[in-house]
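A quick write-up on the structure given underneath.
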Amino acid sequence: MAHWFHRNPLKATAPVSFNFYGVAGSPAANKICNDLRTTRARLLDMFTDSTCSPEIMKSATDAYFSLLQGFIVSLDGTTQENKMRFIQNFKWTDTLQGNIPSAQQDAVFELASMAFNVAIWYTKFASRLAGKENITEPEAKDVHRSLKVAAGTFKTLKEVHIPRLITPAEKGRDLEPRVIDTYIIQCQAEAQEVTIARAIELKHNASLIAALAFETANFYLRADHTLNTLEPECSSKWRKYLQLKQHFYMAYAYCYHGQTLLASDKCGEAIRSLQEAEKCYSRAEALCKEYRQTKGPGTTAKPSEQLFFLKLGSLIKNTLEKCQRENGFIYFHKVPAEAPQLELKASYGLAEPVPFKLPPLSEQCTAEVYATFDLTKGAKNDKAKPKDEEVKPVKEPDLKPQKDTGCVVS
């Protein structure tokens with residue numbers, strides 16, 4: 001399943017020194033600043049370390065966020081804003097906007113941006129793991145969970161942390177509703193893809209597979225519609241991916257719905273459902289070509305080259321031929337002019353996001369240490385650096401695809 005998922009690039013950020021000379025008025029305050037710098041640098045390194053696991057990522061994320069919260073939550077027993085929240089400027093690029101950074105002097109902006117990148121990492125980890133040859137069942141579960149963790153992280157950012165920003169995100173930036181909503185929906189849809197592959201592998205009831213495929217196709221449709229007001233130059237490629245996946249899973253839904261109809265002796269309706277599956281599959285093939293030819297951010301997936309994609313084409317063809325033979329010998333049913341209206345609801349297997357939870361505040365961040373930060377002294381941080389400091393793109397590891405055996409979750 002290498003090259004099955006489209007992935008936008010990681011966000012890049014400018015280095016942050018946390019050198020608050022004068023402001024940090026005690027050794028303990030200076031230690032917090034030093035630890036912020038080192039834990040941030042380590043977390044950024046983990047994004048491009050091909051050996052990083054979810055456990056390592058969580059440890060690195062917790063180490064940084066437990067300290068960063070010392071600049072966000074109230075530590076003086078009042079309801080007033082943390083005095084350190086607005087002392088440091090942070091620059092981040094966006095996944096759809098190239099190397100042009102956004103900048104805010106706000107620790108909440110840093111929290112949201114870094115957590116967003118953590119979620120992107122989980123999607124890339126899932127994609128990399130799904131690309132392994134002969135993926136095991138525990139690895140398939142890791143793929144499934146990683147996508148749900150990513151969805152939950154995006155969702156928590158949208159509902160809890162992004163609303164706290166003083167300066168709202170600009171249009172087309174990662175933290176604006178259309179973009180983050182699309183990531184949430186895509187992650188849920190991709191997690192359900194793992195469930196569908198598992199259900200097919202274990203030969204579950206055709207009606208369950210049809211319902212899951214239909215729900216997943218609708219997720220991709222929603223994701224595509226969420227992006228339809230974004231500028232085409234940054235969203236067209238992503239939208240083509242969402243569209244091809246929507247048609248692919250509609251083809252699955254009609255194919256397995258056809259099998260359900262045939263099992264209920266509704267052969268004419270089964271034929272019409274499988275004819276619709278053929279149409280959806282052909283449209284998915286065409287969209288694969290359009291997707292490859294469309295320029296835009298992100299890696300280019302190659303779904304039409306995967307056995308999982310090709311097997312569906314054969315399944316539709318063979319099942320339709322079987323239905324037509326049965327109809328010619330046994331049923332003699334009229335084939336309806338209209339395709340069946342799919343009103344399928346999956347009772348099982350729907351992917352729910354795993355909520356993102358911040359770690360407890362670091363024990364270093366006490367009210368006593370907080371009192372030793374003196375803003376009247378004035379930070380000399382980054383004053384000498386030019387304002388238009390370039391933010392270099394993240395150099396992501398070049399992972400070569402392995403042989404595709406068509407085995408998804410066995």
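In the assembled protein chains, Asp374 presents an accessible area of approximately 50 Å² (probe radius 1.4 Å). With K and R counted +1 and D and E -1, the other residues having a Cβ less than 14 Å from that of Thr61 yield a net charge of -1.
Remark: accessible surface ordering of Glu352, Glu215 (largest first) is Glu352, Glu215, probe radius 1.4 Å.
Using a cut-off of 13 Å between beta-carbons, work out the net charge of the residues near Ala371 (Lys and Arg +1, Asp and Glu -1, Ala371 not included). Mind dumping the intermediate values first?
Details: positive: Lys83; negative: Asp76, Glu368, Asp374.
Net of charged neighbours comes to -2.
For the stretch 205-351, the share of alpha carbon pairs falling in successive 5 Å distance bins from zero is 2, 11, 18, 20, 17, 13, 10, 5, 3, 1, 0 percent. Of all the options Ala112, Ala371, Ala251, the one that moves most in a Gaussian network model of the chain with Cα springs shorter than 10 angstrom is Ala371. Taking the empirical scaling 2.2 N^0.38 Å for compact globular proteins as reference, the stretch 17-78 has a Cα radius of gyration ratio of 1.29. Please report the net charge: other residues with Cβ closer than 13 Å to the Cβ of Lys148, K and R +1, D and E -1. Within the 13 Å Cβ shell, the charges total -1. For the chain, the longest principal axis of the Cα atoms and the long axis of helix 137-156 meet at an angle of about 60 degrees. Helix 177-201 sits at what angle to the longest principal axis of the chain, using alpha carbons and giving 0 to 90 degrees rounded to 10? Helix 177-201 sits at roughly 50 degrees to that axis. Would you look at the GNM of the chain, springs on alpha carbons closer than 10 Å, and say which of Glu233, Glu137, Glu343 moves the most? Maximum among the listed residues: Glu343. Val369 contributes an accessible area of around 20 Å² to the protein surface, as traced by a 1.4 Å probe with all chains present. Quick one: angle between helix 232-263 and the longest Cα principal axis of the chain, in degrees between 0 and 90, rounded to 10, please. Between helix and principal axis, roughly 40 degrees. The alpha-carbon of Lys31 sits under 18 angstrom from the alpha-carbons of these aspartates and glutamates, leaving out residues fewer than 8 places away in its chain: Asp62, Glu363, Glu368, Asp374. Based on every Cα atom in the chain, Rg and the maximum pairwise Cα distance Dmax equal 24.9, 91 Å.
Just checking the listed ones, Gly22, Gly258, Gly77: in the Gaussian network model of the chain with Cα springs under 10 Å, the one fluctuating most is Gly77. Over the residues of the chain, the helix contribution to mean residue ellipticity at 222 nm works out to -18000 deg cm²/dmol, using -39500 (n - 2.57) for each DSSP H run of at least 4.
Checked against a 28 Å cut-off, the cross-linked pairs Lys124/Lys237; Lys266/Lys317; Lys91/Lys171; Lys158/Lys302; Lys58/Lys141 give Cα-Cα distances beyond that limit for Lys158/Lys302. Under a model in which nothing but the beta-carbon of Lys, Arg (+1) and Asp, Glu (-1) is charged, the chain shows a dipole of about 540 debye around its Cα centre.
Surface analysis of the chain yields an accessible area of 46 Å² per residue, using protein heavy atoms and a 1.4 Å probe.
The values are calculated or read from the model by the stated rules, or taken from the named source; none is laboratory data. Since this is a predicted model, take the numbers as computed values, not measurements. As a convention, Cβ positions derive from the backbone with ideal geometry for all residues, glycine included, and neighbour counts pool all protein chains shown. Surface areas here come from the heavy atoms of the whole protein model, side chains and all, with no ligands, DNA or RNA. Shrake-Rupley method; radii C 1.70, N 1.55, O 1.52, S 1.80 Å.
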